1. Using the 2.2 N^0.38 Å rule of thumb for compact globular proteins, work out how chain A stacks up: its C-alpha Rg over that value, please.
2. Aspartates and glutamates within cross-link reach of B:Lys328: Cα-Cα under 19 Å, excluding same-chain residues under 8 positions apart?
3. Take B:Val233, B:Val364, B:Val267 and order them by how many other Cβ atoms sit within 10 Å, fewest up front.
4. In whole angstrom, how far apart do the alpha carbon centroids of the range B:294-313 and the range B:1-71 sit?
5. Could you identify which residue out of B:Ala387, B:Ala338, B:Ala243 has the top mean-square fluctuation in a GNM of chain B using Cα springs shorter than 10 Å?
6. Tell me, rounded to the nearest percent, the portion of alpha carbon pairs in the protein assembly as shown spaced more than 51 Å apart.
7. Relative contact order for the range C:10-90: what percent, with Cα pairs under 8 Å and sequence separation of 6 or more?
8. Taking each pair of distinct Cα atoms in the range B:1-67 once, what is the resulting Kirkwood hydrodynamic radius in Å?
Amino acid sequence: MTGLATRTVVEPLMITGCGVVSAAGIGLDALADAIGAGRADQPAASAFPEDAPPIPLAAVPDLKVAEHLGAKGTRHLDRTTLLALVACNRALAGLVPALPEPDRARTGVAIGTSTGSIRSSSEFSRETLVQALPYLVRANLFPNSVMNCCAARIAIVNGIRGVNATLAGGQLSSLAALRYARNVIDRGHADRVLAGGVEELSAQSAWAWHLARGLSPGTAVGEGCAVFVAESRRAADRAGRPVLAEVLACEVRSTGGDDPRHQLSTALAGCVERALRRSGVGPDDVREVAPGATGQRGLRALERRGVRAVVGGRPGEVRVAPVLGETFSAGGALQLAALIAGWRRRPPAGGVALVTSVGHDGTAGCLVVRPPAGGAERREVRR
Amino acid sequence: MAEPTGRRVVVTGLGAVSSLGIGAPAFTAGIRAGRSGVSRIRGFDTTGFPHTVAGEVHDFAPRRLLRRLDPDEWGRSSLFAAGAARLAVADAGVRPAELSAGNAGSAIGTTSGESAVIERLTAQWVEGGFKELDPALVRQVPANRIAAAVNRELGLTGDAQTIATACSASNYALGYAYDMVRTGEADLMIGGGADSVNRWAHAGFYRLGALAEQVCRPFDVDRTGILTAEGGVALLLEEHDHAIARGARVYAEVLGYGVNCDALHPVAPDPGRIAECIRAAHRNAGVGPDDIDYICAHGTGTPTNDATEIQAVREVFGDRIPPISSIKSMIGHTMGAASGFGALACCMALYEGFLPPTATLAEVDPRLGDGVDCVPGRARAARPRIAQNHGFAFGGNNAIVILRRMS
Amino acid sequence: MSQATITAQHRRQLRDLVADVLELEPGDLTETSSFVDEHGADSLQAIEILARLERDLGVLIPQEDASEMTTLAGVYAVVARHAGWATAHG
């Protein structure tokens, strides 16, 4: 079909805040340390779900829920929501200047999660089978079984009243959330969006990876959440917020084919090309790549082939999965967080970085991210 | 080339996999007649449930409808979505080659994703532990597969975006699809929703005291709650000039949408925030309250929702409330597909000239105040020009789409 | 009806149940402290108390009696009426 009216260069999205919770711990410094060391310290066995399969796991060591979120209002929330609430709490706490109450009316939420908390929905479903009567379920756990619970709770806890989206994009969930955020900001539905992705490690998810044989040997099933404050340039300027990174483009493609694997690297290459073009930069400007499928059987080679077809093998790789495990819906957000964390340690020498992702469902995605001029400032709030 | 932000977006194809029938004509005929799609539940064992009816889809034959997907590899919600999308494309008369060669994608809303698959796995877990889970079923769980199924079935190469904002998800999806076409990110988008009837939602709504026993009676003085339901719905959104150039039938134009969040409570809706959402939708669509001729209500049939919704509408429209009806009176609450079915009903109402009824309404709740016309019984002949389609959800996720008649 | 018509053990059980739903320590509740005004309870938590009574203790409370359960004493009274737990000594 002709008549494609895609604008060549899109408005960049300013990342002015970041909260991250991962197997490395809480915050960008912990993440940078772990990526630098090539591994995260294993938490105590109590951090792992009971009934998990005999495969490597990578859990968030200590969520410090009460410290970050207060004592009340969290007892009946699930881990997906808690991970995201802590990440949002960190993202907002680190925002300089802080987000004033009136601005929260035009602030939105876009959270990537492939299936919500599969633990919550399957446990709720289980109750209908094991209780004396099928309706003897816990009423206040019902909202947890619905996928938008996490995004809605972020809004409730933080008084954020704008668009509130939950994006189920599988491996691409985090990229889908950033793409969604860019669109609603561009179209005037919001001035800024808390955008990111979350994944919870549960017995259910670990067994799913194990039984579906999705991971390369040695890859841990992970969890985590990264949430970014993404604003229009105008909103960031007006507030006078320093920028941690600029998301220049966020492109997604589907293979549309019967055998998605077959065309996945081609789809990703097309995606990267288009993303670079719409960012107004070329393949030679790419200095770093943070790939997504580094732990997934079959996908890793396809992803690398797709990226190399466009930018060659020269850019450095920032690989998150060997350190944090396979974090699925949170993957893209943790990849971006890893880049930002790295830039705070070693100010980058210009250029751009790519965050890429490919999924078994036949989708491919690419972010083009520019480091801030003069390096990222260290201004994460410490406790 | 037109200014990208000025591209107009129209609906040229409609697809429904519903309890009232397969295909938009069957669905519309049911709506116009005020027919009920509610029946005794077959999707799960209802032993022990005091309430045992739902709006299930019984005559869906994915093998007949789908050309590329193997139904054995996909969950029920994915098949609903792909089936509805296949119907919408056929209805629009778009050639398959045009779809796969062009810049086309999908945005599909859902509340519980592949809930029927999750429930089968849960039963395996209860019986034999996690190690007994069927890997083939495990692979069907992720909700992203719903939009992926649409892209795979139609050969679409653009966005495959499953949006999981619970019961307003279809309107969220339609809003996103609208923006993609309007800005030139895509030339064609499938927008819609899909969900499957499941035991856990039935139990949850029963436990909340929000489940009707036999009949869902939105706005009625004797309303007692929702009926759970399922289905898949798809609208083909296309750039206006492209549609005209190929001589397409245009059901309606999408004028815009509004989205916001109560940010107050997980299950109790807030009239003030819903009113703000209506105003945001009007601003985005460039219309005012006086322009709206019909409201397709969220209208779940719970005492709280319907009272809150009318209160919000009154806040915006004053005492001149447009006719407002709920198709949930016929098909029940199809969850993530609900506002998609609402949008389809609006398109047909604008195109054919009628107001969809609140079929089960016997007596309007006097506590809703004066001047509330819920179009009781059967469809009413009318010539609405602009329709407003509501979708609200758990978590206070509000989304409203505005549609206009083409003429 | 007297509010102290169920055993101390039943009262403790009910107190623990309500405290868990409202996310309090059992000691935070008094017999007359208002769930809504003093402990911030909402409609979902009210339904959950009802649900937990049926699920955990096998006591079926009609929906229309739920409105009486605004304090711990109210819960004791309603439960005593429907559970057949009433004793003369309390």
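Please treat every number below as a calculation from the coordinates, not as lab data. On a predicted model such as this, the values are computed, not experimentally measured, just so you know. Here Cβ is always computed from backbone atoms with ideal geometry, including for glycine, and neighbour counts include all displayed protein chains.
1. On the way: Rg = 19.7 Å, N = 383, 2.2 N^0.38 = 21.1 Å.
My calculation over the Cα atoms of chain A gives 0.93.
2. Qualifying aspartates and glutamates at Cα under 19 Å: B:Glu56, B:Asp195, B:Glu213, B:Asp220, B:Asp222, B:Glu230, B:Asp306, B:Glu309, B:Glu363, B:Asp365, B:Asp373.
3. Working: B:Val233 35, B:Val364 18, B:Val267 22.
So the residues, fewest neighbours to most, are B:Val364, B:Val267, B:Val233.
4. If we compute the Cα centre of each part, the gap is 22 Å.
5. B:Ala243
6. Details: 45543 of 386760 pairs.
Everything past 51 Å amounts to 12 percent.
7. Values: 68 pairs, mean separation 23.8, N = 81.
In percent, rounded to a whole number, it is 29.
8. On the way: mean 1/r = 0.0667 Å⁻¹.
The answer is 15.0 Å.
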